[in-house]
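Below: the structure, in structure tokens.
The values are calculated or read from the model by the stated rules, or taken from the named source; none is laboratory data. Since the model is a prediction, treat every value here as computed from it, not as a measurement. Counting neighbours? That spans all protein chains shown, and the Cβs are built from the backbone with ideal geometry, glycine included. Note: accessible area is taken over every heavy atom of the protein model, side chains too, but ligands, DNA and RNA are not part of it. Shrake-Rupley method; radii C 1.70, N 1.55, O 1.52, S 1.80 Å.
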Amino acid sequence: MLSACGQESSEAAGSKTDGAPKAAASPAAPAGKGKWLETVKATPEGGFSIGNPDAPVKLIEFASLTCPHCRDFHEMAMPTIKGQYVATGKVLYEFRNFVLNPADYGATMLARCQGPSAFFGLADAFFKNQQTWIEPFTKLTEAQTAPLQSMSPDDQVVTYAKLGGLDGFVRARGIPEAKFKACLTDENQRTQLETIRKTAVEQYKVTGTPAFVLNDKSLEGVHSWADLEPLLKDAVK
């Protein structure tokens with residue numbers, strides 16, 4: 001059974017928006033840097049990676065912050081992926097945002113705007129509290145959202161995010177009100193999200209989330225940790 005959030009998903013809120021090669025022995029952690037878990041970078045493709053940049057196994061996840069299957073995957077899989085694969089230097093894990101709806105877009109722009117050092121912590125917060133922060137968006141009325149139609153695109157994004165309470169959610173996690181609008185209207189981040197989607201759909205044939213790419217091979221039909229774990233184990237042997 002397919003277990004993924006589709007591109008046209010509206011589970012969160014609002015309408016839609018615009019074998020693997022075998023691995024070598026574990027590389028040593030960088031001198032003076034500590035564990036590979038501390039090596040977090042923005043990638044040229046627009047994602048955020050954690051781990052050894054020269055790891056023999058590279059795992060890419062396309063995910064949505066509003067997708068319940070993505071949330072379940074992160075709760076079940078990430079402690080093991082980080083502890084048993086990334087920390088050893090054998091696996092480089094990269095997260096690429098695949099936006100599904102307006103609420104997701106706002107959360108994604110906010111999670112990304114602090115850069116790689118803060119991204120994974122903010123993404124974890126959005127996943128762990130997914131139902132809580134999504135619920136206000138599901139309760140918005142037509143009277144509340146109707147004024148958005150007469151606003152500029154940037155003002156639409158900012159106002160919609162505030163209507164759903166994202167300003168309060170991220171303010172408690174290090175993004176002050178003064179930076180809230182700048183995060184949501186960052187043209188560079190918007191362009192990166194568009195590039196990620198284009199690559200996901202055209203190159204990797206992504207149709208839902210979570211979706212995975214292992215050593216540049218799309219894993220068709222793999223949408224859960226139960227599906228992915230044996231493939232990852234085999235790749236690092």
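Quick notes
- Set side by side, the residues Ala161, Ala226, Ala143, Ala182 differ, and just one is of a type in the set (Gly, Ala, Ser), in contact with a Phe, Trp or Tyr (Cβ under 9 Å, 6 or more places away or on another chain) and at pLDDT 95 or above, which is Ala161.
- Any hit, segment 166-179, residues being at pLDDT 95 or above and in contact with a Lys or Arg (Cβ under 8 Å, 6 or more places away or on another chain): no
- Single match in Phe73, Phe137, Phe62, Phe95 (criterion: out of contact with any strand residue (DSSP E or B) (no Cβ under 8 Å at 6 or more places or on another chain), of a type in the set (Phe, Trp, Tyr) and modelled with pLDDT of 95 or more): Phe137
- Cβ-Cβ distances below 7 Å connect the following pairs, each with a first residue in segment 36-52 that is part of a loop (DSSP other than H, G, I, E, B), a second residue that is of a type in the set (Asp, Glu), and a separation of six or more residues or different chains: Thr43/Glu94; Gly47/Glu94.
- Residues that are over 25 Å from Met78 (Cα atoms), part of a loop (DSSP other than H, G, I, E, B) and touching a helix residue (DSSP H, G or I) at 6+ places or on another chain (Cβ under 9 Å) within segment 113-172 comprise Leu140, Met151, Gly164, Gly165, listed in sequence order.
- Within segment 160-194, the set of residues being of a type in the set (Val, Ile, Thr), more than 23 Å from His69 (Cα to Cα) and surrounded by 14 or more Cβ atoms within 10 Å (Cβ to Cβ) comprises Ile175, Thr185.
- Extreme residue, least open to solvent (accessible area, probe 1.4 Å), among residues of segment 76-113 that are over 15 Å from the mean Cα position of the chain (by Cα) and among the small types (Gly, Ala, Ser): Gly89
- The single residue among Gly46, Gly6 that is at pLDDT 85 or above, surrounded by 13 or more Cβ atoms within 10 Å (Cβ to Cβ) and of a type outside the set (A, V, I, L, M, F, W, C) turns out to be Gly46.
- Total residues in segment 197-218, condition buried (at least 20 other Cβ atoms within 10 Å of the Cβ) and either touching a helix residue (DSSP H, G or I) at 6+ places or on another chain (Cβ under 9 Å) or not basic (Lys, Arg) (or both): 9
- Of residues in segment 53-71 being of a type outside the set (A, V, I, L, M) and closer than 16 Å to Phe120 by Cα, the one surrounded by the fewest Cβ atoms within 10 Å (Cβ to Cβ): Arg71
- Filter result (open to solvent by less than 50 Å² (accessible area, probe 1.4 Å) and in a helix (DSSP H, G or I)) within segment 219-237: Trp225, Leu228, Leu232, Ala235
- Within segment 98-112, the residues that satisfy the criterion of being assigned to a helix (DSSP H, G or I) and either among the aliphatic types (A, V, I, L, M) or in contact with a Pro (Cβ under 6 Å, 6 or more places away or on another chain) (or both) are Ala103, Ala107, Met109, Leu110, Ala111.
- Among the residues of this structure, Lys90 counts as one that is among the basic types (Lys, Arg) and at pLDDT 95 or above.
- Scanning segment 74-88 for residues that are in contact with a Phe, Trp or Tyr (Cβ under 7 Å, 6 or more places away or on another chain) and under 18 Å from Lys58 (Cβ atoms) yields Ala77, Ile81, Val86, Ala87.
- Ser150, sole failed condition from (1) within 18 Å of the chain's Cα centre (by Cα); (2) at negative phi; (3) modelled with pLDDT of 95 or more: (1)
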